[in-house]
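The values are calculated or read from the model by the stated rules, or taken from the named source; none is laboratory data. Since this is a predicted model, take the numbers as computed values, not measurements. All Cβ positions, even for glycine, are placed from backbone atoms using ideal geometry, and neighbour counts span all protein chains on display. When the accessible area is computed, the model is the full protein with side chains, heavy atoms only, and any ligands, DNA or RNA have been set aside. Shrake-Rupley method; radii C 1.70, N 1.55, O 1.52, S 1.80 Å.
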Amino acid sequence: MNCDNTLWRITIDTNPEDCNYHCIMCEEHSRFSHYKESLGCHRRMPVEWIDQLFEEARQLGVKEIIPSTMGEPLLYKGIDRFYDLSQKTGIKINLTTNGSFPGKTIDEWARIIIPNTTDVKISINGATKETSEKVMEGSNFDKEIYNVKHLVKYRNEYFKKSGYYCRITLQLTFMSINMHELADIVKMAAELDVDRIKGHHLWTHFPEIEHFSMKDTPENISLWNQYVSDAQTAQKQYLRPNGKEVLLENITPLSIEKGKTVPEESECPFLGRELWVSATGVISPCCAPDQLRKTLGDFGNIQKTSLTEMMASDTYQDLLANYKTRTLCKTCNMRR
């Protein structure tokens, strides 16, 4: 793997401390988390930095920009600026949202989002109200389903009149308390005319949730593999209104023998292709939890270092060449 100074996507963590939910697995907003207390501040990226990042992204040939994946991006006061700059530069938005669509009606959000977004990833962590709201504390499952229906309806109508298609995805975290509903989530997605389901295995930030991991014991791995098989069966059985299957991403069997170690042949999907910029300007090479990715090195801050300079740095080039030897990367949930 090497870097040719051409990025595909940049994630800008604009407002990580702003969220209206308290998902139990969230590094910052879980009731088990003390992360925000340890920060001693409330991080929000200055809106004027957004212009700078879009301009550099345009020069680098970036195709997509993701507003904050920590916190709820639609609560960021500069979210309209993202979409203004998307229209101006041609760089599309890739949106991850908790599904609440705060501050506007879903139809108002749809008119802003759909024409300028490649993919809307909506967090739903169950096929039933009981399970989803147990994981995403503070959420309203019925309202989220209503929002998905109306977003899909607007997307389909916009595609018919414009020819532009925005993919809609349901995103979840794989845990023992919700994966028994995985096949039903596939069925629900098909009925909603959602394109894709994706997710990742639990990052166990807190001891209180360690037992939710589906990778911690051979028994849980076997159970996970059965859920995967059930989901793949449901994928064939329940089709979208257009007759297509719901795409399943990262929903694959695990090897009991390998345990928590990632197979050597698994590759990082991010290095050389994507970058992350924190609300304070810190540049990171991947989406691992904040404290963990700091172990990969210091990659600078946009207030002093351009993204181009960072990618050419010895620190980044060494990571590109040797990431499979790093402790974090050896057990990363994201390698494929």
**OP:** Please go through the stretch 210-250 and pick out each residue that is open to solvent by 60 Å² or more (accessible area, probe 1.4 Å) and part of a helix (DSSP H, G or I).
**Re:** E210, H211, P218, E219, L223, Q226, D230, Q232, T233, K236, Q237
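Name the residue that is modelled with the lowest pLDDT, counting only residues in the stretch 319-336 that are among the hydrophobic types (A, V, I, L, M, F, W, C) and either surrounded by 15 or more Cβ atoms within 10 Å (Cβ to Cβ) or touching a Leu at 6+ places or on another chain (Cβ under 8 Å) (or both). Spell out the reasoning first.
From the stretch 319-336, those among the hydrophobic types (A, V, I, L, M, F, W, C) are 319-321, 328-329, 332, 334; that's our starting set.
Still in the list and also either surrounded by 15 or more Cβ atoms within 10 Å (Cβ to Cβ) or touching a Leu at 6+ places or on another chain (Cβ under 8 Å) (or both): 319-320, 328-329, 332, 334.
Values: L319: 92, L320: 91, L328: 87, C329: 89, C332: 83, M334: 75.
Among those that are among the hydrophobic types (A, V, I, L, M, F, W, C) and either surrounded by 15 or more Cβ atoms within 10 Å (Cβ to Cβ) or touching a Leu at 6+ places or on another chain (Cβ under 8 Å) (or both), it is M334.
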Original post:
Can we say K304 is under 25 Å from E64 (Cα atoms) and within 21 Å of the chain's Cα centre (by Cα)?
Top reply: no
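Residues checked against (1) out of contact with any helix residue (DSSP H, G or I) (no Cβ under 6 Å at 6 or more places or on another chain); (2) at pLDDT 95 or above; (3) aliphatic (A, V, I, L, M):
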{"position": "I112", "(1), (2), (3)": "no, yes, yes"}
{"position": "K121", "(1), (2), (3)": "yes, yes, no"}
{"position": "G126", "(1), (2), (3)": "no, yes, no"}
{"position": "K160", "(1), (2), (3)": "yes, yes, no"}
{"position": "Y165", "(1), (2), (3)": "no, yes, no"}
{"position": "T169", "(1), (2), (3)": "yes, yes, no"}
{"position": "L172", "(1), (2), (3)": "yes, yes, yes"}
{"position": "M175", "(1), (2), (3)": "no, yes, yes"}
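Need a quick list: helices (runs of 4 or more DSSP H) entirely within the stretch 118-198 having at least 3 residues that are open to solvent by 10 Å² or more (accessible area, probe 1.4 Å) and closer than 26 Å to I65 by Cβ. Give the steps one after another, and end with the answer.
Working: elements: 129-135, 141-162, 182-192.
Answer list for the stretch 118-198: 141-162.
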Original post:
For D195, which of the numbered conditions (1) more than 18 Å from V120 (Cβ to Cβ); (2) of a type in the set (D, E, K, R); (3) in contact with a Leu (Cβ under 8 Å, 6 or more places away or on another chain) fails to hold?
Top reply: (1)
Subject >> Single residue of the stretch 262-310 satisfying the filter (of a type in the set (D, E, K, R) and farther than 28 Å from H201 by Cβ) that is most open to solvent (accessible area, probe 1.4 Å) >> reply: K304
Original post:
Are any residues in the stretch 30-49 in contact with a Pro (Cβ under 9 Å, 6 or more places away or on another chain) and open to solvent by less than 70 Å² (accessible area, probe 1.4 Å), and if so, which ones?
Top reply: F32, R43
Original post:
Within the stretch 42-78, how many residues are without any contact (Cβ under 8 Å) to a residue 40 or more places away in the chain, assigned to a helix (DSSP H, G or I) and within 19 Å of E17 (Cβ to Cβ)?
Top reply: 3
Subject >> Hits in the stretch 277-313 (condition: of a type in the set (A, V, I, L, M) and out of contact with any Gly (no Cβ under 6 Å at 6 or more places or on another chain)) >> reply: V277, A279, V282, A288, L292, L296, L307, M311, A312
